[in-house]
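What follows is one structure encoded as structure tokens, with my remarks underneath.
The values are calculated or read from the model by the stated rules, or taken from the named source; none is laboratory data. As the structure is a computational prediction, the values presented were derived from the model and not from experiment. Cβ sites come from the backbone with ideal geometry, for glycine too, and all protein chains shown count toward neighbours. Please note that ligands, DNA and RNA were not included when accessible areas were found on the heavy atoms of the full protein model with its side chains. Shrake-Rupley method; radii C 1.70, N 1.55, O 1.52, S 1.80 Å.
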Amino acid sequence: MVRVLIKRPIITNKTAELAKKYNTYVFEVDRQLDKKGIKKAVEELYNVKVKEVRIVNLKERRRGLSKYQNVRPRIKKAYIKLEPGYKINIFPE
């Protein structure tokens, strides 16, 4: 069985600005991965050179009142900064 390491890019206004100004992209990744694993997976998947990886672990959050509650699951986000000259085309023009 093949595990999906990089689940999806996170596309928001903030991440679009990070990509333009700082060449930094944000992905939701598998929670078991460490920084070295994330770096290797991104370099193989997108054929780029990664300069730096930062990680944010978001805990589970319950929202709502009484018996109707919504649960945001636990996720791990990775901020990937690329070497100058490299780019990932994930944002629509």
**Asked** If the chain between Ser66 and Gln32 were fully stretched, how many nm would it gain, using 0.36 nm times the residue separation less the Cα-Cα distance?
**Response** 8.9 nm
**Prompt:** What angle, in degrees between 0 and 90 and rounded to the nearest 10, separates the Cα long axis of helix 35-46 from the longest principal axis of the Cα atoms of the chain?
**Reply:** 60 degrees
**Asked** Carbon and sulfur together cover what percent of the accessible area of the chain at a 1.4 Å probe radius?
**Response** 49 percent
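Size of the dipole of the chain about the Cα centre, Lys and Arg at +1 and Asp and Glu at -1 on the beta carbon, nothing else charged, in debye to 20?
The calculated dipole for the chain is roughly 540 debye.
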**Request:** Over the stretch 1-89, calculate the relative contact order: mean separation of alpha carbon pairs under 8 Å at least 6 apart, over the residue count, as a percent.
**Result:** 31 percent
**Item:** Leading residue at positive end of dipole, the chain (Cβ point charges), from Thr15, Gly85, Leu58
**Value:** Leu58
